[in-house]
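Here the structure is laid out as structure tokens; the discussion comes afterwards.
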Amino acid sequence: MFPVESIYDAATDERMFPDLLRRIGDHFGAQAGFLGWMGGTRTAGFQAEYGNDPAFLKSYVETYAALDILRPALMETPEGEPRPAYPLLQSAEVRESRFYREYIAPQHIVDNLAVNLIKRDDMFATIAILRTGDVAPFSLEDVATMRGLVPHLRRAVILSSHRIRQADLMAAYREAAQGARDGLVLLGDDGQILDLGPEIQRMTGFASIEAARRSAFARALARAADAGTPILREFDFGNRKLRLLLASQPLSRNRYGDVSEGGGAAHAVSVTEVDRRWGFAYGAMAEAHGLTGGEARVLEDVLTNGEMIGTAQRLGVARATARSHLHKIYAKTGTSGFPDLCLFAHRFIVAAR
């Protein structure tokens, strides 16, 4: 009997899936296996695999997914029902296909016992084990045994996909946060709003994501993502008129995270209120770099006034003292002069109150 607890171990750490697949394959006398997914855009991928030729896996994603003559039959199979491919592989139509001749036959695949663990219009996830070489196809007993493992495998895939989705969501915010000013909006592949930051909700007054999705703001976000360049639009949020700069950037993600809940974040749009005044967090800069009180006052003066010449007079100190403070500021902040200091200071930009 296969140890079910090992399936749930893989759910908490996706790095264990290849070993789990190998153990399942050994249990069924298979030589290879994979956990793969196919998106609504026909994008294919493999989350885990063992025993397969990497070149063939790559060619499937790039070329043969679109030619897979077996996939329609697999997609017709009810979710959770194991289906061996051996009967299909005996048909003349399949054997004469390019997919069989160029992909199945060269790998000497005898049978493929596959299960749609997740099946939706926009995504399905399949686990399969393959028998290759001079071996017998899977038996009815094998199918029945796999059917008993399916509920556990399905839960493990959903749990691991959900965890990866959350990790990708956090990475998306980290990836995009440096370019954000007032806040971020995350969009899916189709430009639909997936997540509004609390700053955006306060700015726009939208009570929910659904309300935002029906607005002109949502349409402008989608256009910004499609254009790939910043766009400026004026919006009327109740009694407030705001000019907002919308700048989109594409996000990388593990599409396996889409399996559990649908499409994940594909674009992050930073939203900036262009008429809002900005300043610097001088106290935070001083604290972060160990500036003395005198150095902090010099820093604030030169950045506020945009020049160094009148600093000593404005602060009522000797010019030599002001110069000494400024050079210590350069040393402590790792900057090489006034222009470099100005660039450095933009890391600490905040909205003026």
*Starting from the amide H of Gln31, placed 1.01 Å from N in the peptide plane, find each other amide H under 5 Å away whose residue is 5 or more places distant or on another chain.*
Leu130, Arg131, Thr132
*How much net charge surrounds Ala125 when only the other residues with a Cβ under 11 Å from the Cβ of Ala125 are counted, with Lys and Arg +1 and Asp and Glu -1?*
+2
*Where only protein heavy atoms count, and the probe is 1.4 Å, what is the accessible area per residue for region 81-152 in Å²?*
47
*What is the P(r) of region 273-353, as percent of Cα-Cα pairs per 10 Å bin from 0?*
18, 54, 24, 4, 0
*Percent RCO, i.e. relative contact order, over the chain, from Cα pairs under 8 Å lying at least 6 residues apart*: 13
*Could you please tell me the mean projected area of the C-alpha convex hull for region 273-317, averaged over all directions and given in square nanometres to one decimal?*
4.0
_Mean ellipticity per residue at 222 nm, deg cm²/dmol - from DSSP H runs of n ≥ 4 across the chain, formula -39500 (n - 2.57)_ = -13000 deg cm²/dmol
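Could you state the orientation-averaged shadow area of the convex hull built on the Cα atoms of region 1-122, in nm² to one decimal? Mind dumping the intermediate values first?
Details: hull surface 31.5 nm².
Projected area, direction-averaged: 7.9 nm².
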*Kindly rank 120-126, 72-78 from highest to lowest mean number of other beta carbons found within 10 Å of each residue.*
120-126, 72-78
_Met1 versus Glu93: modelled label distance in nm, points set 7 Å from Cα along the beta carbon direction_ = 4.2
*Per 10 Å bin, what is the whole-percent P(r) computed from every C-alpha pair distance within region 64-205?*
10, 29, 24, 17, 13, 7, 1
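Once the mean 1/r over all distinct Cα pairs of the chain is inverted, what Kirkwood radius in angstroms do you read off? Please list the in-between numbers first.
Numbers: mean 1/r = 0.0405 Å⁻¹.
Radius from the Kirkwood sum: 24.7 Å.
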_Accessible-area composition of the chain, carbon plus sulfur, in percent [1.4 Å probe]_ = 53
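When a/c is below 1.5 the answer is rounded, else prolate if a/b is larger than b/c, else oblate, so apply that to region 204-353 with a ≥ b ≥ c taken from the square roots of the Cα gyration tensor eigenvalues. Mind showing how you got there, number by number?
Working: a/c = 3.31, a/b = 2.18, b/c = 1.52.
Prolate, since a/c reaches 1.5 and a/b exceeds b/c.
The values are calculated or read from the model by the stated rules, or taken from the named source; none is laboratory data. Quick caveat, the model's predicted, so the values are computed rather than measured. Don't worry about glycine lacking a Cβ; one is built from the backbone with ideal geometry, like all the others, and counts go over all protein chains shown. Remember, those area values only see protein heavy atoms, side chains included, never the ligands or the DNA or RNA. Shrake-Rupley method; radii C 1.70, N 1.55, O 1.52, S 1.80 Å.
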